[in-house]
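Trainee: First, the structure itself, so that you have it in front of you.
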Amino acid sequence: MEEAYCSEVFKYDQRLKIFIPTLTMEWDCYSVNTQIDIIEKWETIRGGIPERIREIEAKIKRKQEELNDEESFEQSCKLNEEISELASMINDLWNWFREAPSIKRKAKTSLSLDSHHHY
């Protein structure tokens, strides 16, 4: 897949720090080769999600340790808010990770993304 085209199909999510698929047309409108390219690119991205989750879990652990030693109520509230946001990011990443596309032959010339969400 050309890099320029790839940037049209995958947009960088600043919050999650991964590229996520943002299809601009119905899946069946993409050529078979493009569908395969999109799936291959997504599988590469998807494969990095568990490592991203581990990084965030490490941040949560550090913040929880800070929280255990924190005496300021205001600072404790801030740390709890940060931990909550990090946990929300993990949840969102797991949702994207579960977005496991597969190729199914519907006809000799078409492929489909078999998933519970449309990208």
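Trainee: State, to one decimal in nm, how far the label point of E40 lies from the label point of Q14, with both points 7 Å from Cα in the Cβ direction.
Mentor: Rounded to a tenth, the inter-label distance reads 3.2 nm.
Trainee: Collect residues whose amide H, placed 1.01 Å from N in the peptide plane, falls under 5 Å from the amide H of D13; neighbours closer than 5 in sequence don't count.
Mentor: For D13, the qualifying residues are I18, F19, I20.
Trainee: Could you calculate the FRET efficiency of E65 with N91 from 1/(1 + (r/R0)^6), where r is the beta carbon distance between them and R0 is 25 Å, rounded to 0.05? Please list the in-between numbers first.
Mentor: On the way: r = 22 Å, r/R0 = 0.87.
After rounding to 0.05, the efficiency reads 0.70.
Trainee: Taking 0.36 nm per residue of sequence separation and subtracting the Cα-Cα distance, how much length would be gained by fully extending the chain between F73 and E51, in nm to one decimal? Mind dumping the intermediate values first?
Mentor: Details: separation 22, 0.36 × 22 = 7.92 nm, distance 3.26 nm.
Residue separation times 0.36 nm, minus the Cα-Cα distance, leaves 4.7 nm.
Trainee: When the accessible area of the range 43-83 is computed with all protein chains present and a 1.4 Å probe, what percentage of it is carbon and sulfur? Intermediate values should be presented prior to the final figure.
Mentor: On the way: 1320 of 2920 Å².
Result for the range 43-83: 45 percent of the exposed heavy-atom area is carbon or sulfur.
Trainee: Kindly write out, for the range 83-89 in residue order, the coupling ³J(HN,Hα) from the Karplus curve 6.51 cos²θ - 1.76 cosθ + 1.60 (θ = phi - 60°), rounded to whole Hz, with x marking Gly and Pro.
Mentor: Computed from phi, the couplings for the range 83-89 are 4, 4, 5, 4, 5, 5, 5 Hz.
Trainee: What are the residues whose amide H is under 5 Å from the amide H of E99, where those residues sit 5 or more places off or on another chain and H is modelled from the backbone?
Mentor: Residues meeting the amide H criterion: none.
The values are calculated or read from the model by the stated rules, or taken from the named source; none is laboratory data. Only a predicted model underlies this, so the values are computations on that prediction, with no experimental measurement involved. Note: ideal-geometry Cβ built from the backbone for every residue, glycine included; neighbour counts use all protein chains shown. Accessible surface is based on the protein model in full, side chains and every heavy atom, while ligands, DNA and RNA are left aside. Shrake-Rupley method; radii C 1.70, N 1.55, O 1.52, S 1.80 Å.
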